[in-house]
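The values are calculated or read from the model by the stated rules, or taken from the named source; none is laboratory data. Since this is a predicted model, take the numbers as computed values, not measurements. Positions of Cβ are backbone-derived with ideal geometry, glycine not excepted, and every protein chain shown enters the neighbour counts.
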Amino acid sequence: MNNTNEMEVVFDSCSANERFARVAVAAFLTQLNPTVEEVSDVKTAVSEAVTNSIIHGYENEIHKISVACRIEGDKFLIKVCDTGKGIDDVRQAMTPMYTSRPDLDRSGMGFSFMEAFMDKLEVESQPGIGTTVKMEKTIGKGRHLWTGQSL
């Protein structure tokens, strides 16, 4: 049996599509039989990445955002891409409480939430080219504690 699968959706960078991205990714994730908490974690991380593209990457102009997902065994990989303005200093942008848009009352916690809810986070960005956020989460890694299975 093949234990890999992929999907990709491309949509306009309008705020209503943030919910669409969350649901599309969650629906694809269900084939791994995730816990409610795992689904919630992934949906939150996707929401933060897509919202960053809309607000920071495109500054609320309508362009395209791509969300690709890949299943490799029990690993769930997500890639969110935009071709927006990019990030000048990724390390600074990933600092908790940092925001490039304080005028919008942004909390500056988007990347921190992504790091907290996912196992791995990688951000690649070039000014004027765009940003790619790659995230990974192992699904079911704590399940043995609840099913009585031994380690």
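Could you please let me know if Gly140 is touching a strand residue (DSSP E or B) at 6+ places or on another chain (Cβ under 9 Å), modelled with pLDDT of 75 or more and on the phi > 0 side of the Ramachandran plot? No.
Could you look through region 111-143, keep only residues that are touching a Ser or Thr at 6+ places or on another chain (Cβ under 7 Å) and part of a helix (DSSP H, G or I), and pick out the one that is surrounded by the fewest Cβ atoms within 10 Å (Cβ to Cβ)? That would be Phe113.
Just one residue in the set Glu8, Glu37 is in contact with a strand residue (DSSP E or B) (Cβ under 8 Å, 6 or more places away or on another chain) and over 19 Å from Ser125 (Cα atoms); that residue is Glu8. Here's a check for you: in region 11-65, which residue that is over 13 Å from the mean Cα position of the chain (by Cα), closer than 19 Å to Ile87 by Cβ and among the acidic types (Asp, Glu) is modelled with the highest pLDDT? The extreme case among them is Glu61.
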